[in-house]
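Remarks on the structure that follows.
None of the figures in this text is laboratory data; all of them are computed from the coordinates on show. Worth saying up front: this structure is predicted, and the values here are computed from it rather than measured. Positions of Cβ are generated from backbone atoms using ideal geometry, with glycine treated the same way; all protein chains shown enter the neighbour counts.
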Amino acid sequence: MSYCVNCGVELDNSAKKCALCATPVVNPNALVKPEDAIDPFPKRVVIPSAVRRRYGAFLASMVILIPNIVCLIINLVFEFGYLWATYLNASCAIFWLLFVFPFFFNKPKSYILVPLDALGVFLYTAVFYSVEHGEGWLFGLALPVILVVAAFVFSVAEWIKFKRLDWPILVTSLLIQVAVLSFAVEFLFRYYYSLNLLPIVSIIVSACCLALIAFFLAVLKNKRLRAWLSRKFFI
């Protein structure tokens, strides 16, 4: 370790000049040349992944927010006969809530994000309902469908988090839940419009899900097929 000849401060092996008084470092007896020594501080700033996530989410938020403010001001200043910016603002807001807002969390919690997403989708639907002067479908149809889908998303998120299962079993169970969801949503539509309660669309969806389930069960039982898929598709 060297010391500055001018102020006496202790110098690092990689120092070419004093950090305090900027006096050049000249030490012919140094065991390690300054250019070969390891710097005490890294030249490249390493930002933690959590900070990068929030920083990226902040930049994405500004990219979404600023054009929306500009469009809203233009729409208010220049009268076009209707608030066309409402559609843009509402669409960008729901996009931000669904795809950008989760990145502000280090570990997103489903019990926080799912209710917020459901509320955001409902408010998004309410905006178009008020603009288009709906006829009662907001609370009679849209809200029940949103709640059913939100409950499905929450259950799937929690199930995946706590059930560390093999991927064929995971996909099979998800397909079963999709089939159940299709029956629930179609029942709400048919009940609201006073249609025949025979779930035609849900039966088709369930048939497709059953066919896929049969395929994944075959993959689960066939070790050679599973090994081939793992080798070809890294799953």
Sorted peptide list for 168-181, 54-67, criterion being average Cβ within 10 angstrom, highest first: 168-181, 54-67
What number comes out for the charge environment of residue 152, summing +1 per Lys or Arg and -1 per Asp or Glu over other residues with Cβ under 14 Å away? -3
In the neighborhood of residue 218, defined by Cβ-to-Cβ distances under 12 Å, what is the net charge if each Lys or Arg adds +1 and each Asp or Glu adds -1? +4
Determine the shape class of region 100-148: with a ≥ b ≥ c the square roots of the Cα gyration tensor eigenvalues, call it rounded for a/c under 1.5, and otherwise prolate if a/b is greater than b/c, oblate otherwise. oblate
Any chance you could run the full-extension gain for residue 201 through residue 16? It's 0.36 nm times the residue separation minus the Cα-Cα distance, nm to one decimal. 59.0 nm
